[in-house]
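Novice: First, the structure itself, so that you have it in front of you.
The values are calculated or read from the model by the stated rules, or taken from the named source; none is laboratory data. Only a predicted model underlies this, so the values are computations on that prediction, with no experimental measurement involved. Reconstructed Cβ throughout: ideal geometry from the backbone, glycine too, with neighbour counts over all protein chains shown. Side chains included, ligands, DNA and RNA excluded: accessible areas come from the protein's heavy atoms. Shrake-Rupley method; radii C 1.70, N 1.55, O 1.52, S 1.80 Å.
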Amino acid sequence: MHRRIADEIVEVLEALWTSEEDGGASEDGVAQRAKTTVTPELLSECEQHGYIRRGGGQIALTDLGRRTAEEVIRRHRLAERLVVDVIGMTIEESEADACEFEHLLARGVTEAICTLLGHPRLCPHQRPIPEGDCCRRARDQVSSVVTSVDRLEIGEQARVAYVSARNYPRIQKLSSLGILPGLPVRVHQKFPSFVIQCEETQIAIEEEIARDIYVWRGGAGSSEPS
Ligand SMILES: [Zn+2]
Ligand SMILES: [Zn+2]
């Protein structure tokens with residue numbers, strides 16, 4: 001019973017967070033946006049727990065509510081990015097309901113997924129993803145950022161993070177060529193054709209394909225000492 005109530009509270013806080021992003025929140029607006037039925041009792045409960053402030057039909061997150069919502073919003077939007085960028089589905093195609101996205105990511109893997117995705121700043125709906133500690137660390141350490149192979153400088157060392165699954169046959173083709181997550185890769189030339197070197201093998205690929213290969217710059221993400 002308590003678990004169910006907690007989920008409902010979380011839905012209210014999420015709806016309130018997005019309403020505040022859009023410039024402010026009325027109780028009616030939050031009720032429309034929330035993926036749960038917002039009863040007066042539910043709002044009172046959020047207030048009693050110290051998550052929200054209410055007055056004159058308006059509603060706002062308290063500091064506690066903001067911290068609680070931020071964590072959920074972060075997981076929700078990172079899970080959306082994971083589904084779109086790595087699994088290659090559109091949000092509509094994925095079977096997750098909007099309110100289930102945050103449950104796709106366990107708390108403990110949020111930082112790892114954020115790092116894998118290159119600390120994305122926006123979700124597929126172009127809403128900001130709240131920063132985590134990993135994002136703040138990455139800003140001080142440019143080399144840990146994930147980018148696509150076509151953006152590397154010639155000769156720059158990198159390591160394959162993942163191949164975007166927007167195109168499944170392409171993933172199979174790239175893995176048959178030996179381009180696999182974890183392997184070192186660098187750009188040999190960009191013109192007249194795009195040639196990458198993965199381990200000892202040089203492979204000519206179309207630039208479009210290079211855009212689907214995501215890498216950690218500077219060989220970061222490796223477990224080997226460099
Ligand atoms: Zn989104
Ligand atoms: Zn991050």
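Novice: Which of the peptides 68-74, 125-131 is most tightly packed, and how do the rest follow, judged by the mean count of other Cβ atoms within 10 Å per residue? Working shown, then result.
Specialist: Working: 68-74: 19.6, 125-131: 13.9.
In decreasing order of mean packing, 68-74, 125-131 become 68-74, 125-131.
Novice: Next question. Would you mind giving the three semi-axes, in whole Å and largest first, of the ellipsoid equivalent to the range 2-61 according to its Cα gyration tensor? It would help to have the intermediate numbers written out before the result.
Specialist: Numbers: eigenvalues 55, 30, 19 Å².
That gives 17, 12, 10 Å for the three semi-axes.
Novice: Would you work out the relative contact order for the chain, in percent, from Cα pairs under 8 angstrom that are 6 or more residues apart?
Specialist: Values: 346 pairs, mean separation 35.2, N = 226.
It comes to 16 percent, rounded to a whole number.
Novice: Sticking with this structure for a sec: Counting only protein heavy atoms and a 1.4 Å probe, tell me what percentage of the range 60-197's accessible area is made up of carbon and sulfur.
Specialist: Working: 3820 of 7040 Å².
Here it works out to 54 percent.
Novice: I need the shape label for the range 71-140. Rule: rounded when a/c is under 1.5, else prolate if a/b > b/c, else oblate, with a, b, c from the alpha carbon gyration tensor.
Specialist: Working: a/c = 1.84, a/b = 1.62, b/c = 1.14.
It is prolate, given that a/c is not under 1.5 and a/b is the larger ratio.
Novice: Please work out the C-alpha center-to-center distance from the range 99-143 to the range 55-76 and express it in whole Å.
Specialist: After rounding, the separation between the Cα centres reads 19 Å.
Novice: Assign unit charges at the C-beta atoms only (+1 for Lys and Arg, -1 for Asp and Glu), then state the dipole size of the range 71-140 relative to its Cα centre in Debye, rounded to the nearest 20.
Specialist: Numbers: 10 positive and 13 negative charges, 88 e Å.
Around 420 debye, computed over the range 71-140.
Novice: For the chain, what is the accessible area per residue in Å², given a 1.4 Å probe and the full set of protein chains? Walk me through the numbers before you get to the answer.
Specialist: Values: 12220 Å² over 226 residues.
The answer is 54 Å² per residue.
Novice: Once the convex hull of the alpha carbons of the chain is built, what does its volume come to per residue, in cubic angstrom? Show your work: numbers first, answer last.
Specialist: Numbers: hull volume 33.1 nm³, N = 226.
Spread over its residues, the Cα hull of the chain gives 146 Å³ apiece.
Novice: Nearest 20 debye, what's the magnitude of the dipole of the chain about its Cα centre given +1 on Lys and Arg Cβ and -1 on Asp and Glu Cβ?
Specialist: Details: 27 positive and 37 negative charges, 124 e Å.
Dipole about the Cα centre, nearest 20: 600 debye.
Novice: Would you mind getting me the FRET efficiency between E93 and I203? Use the beta-carbon distance for r and R0 = 35 Å, nearest 0.05. Mind dumping the intermediate values first?
Specialist: On the way: r = 31 Å, r/R0 = 0.87.
The pair E93/I203 has a calculated efficiency of 0.70.
Novice: Moving on. Roughly how tilted is helix 2-21, in degrees to the nearest 10 and between 0 and 90, from the longest Cα axis of the chain?
Specialist: The answer is roughly 80 degrees.
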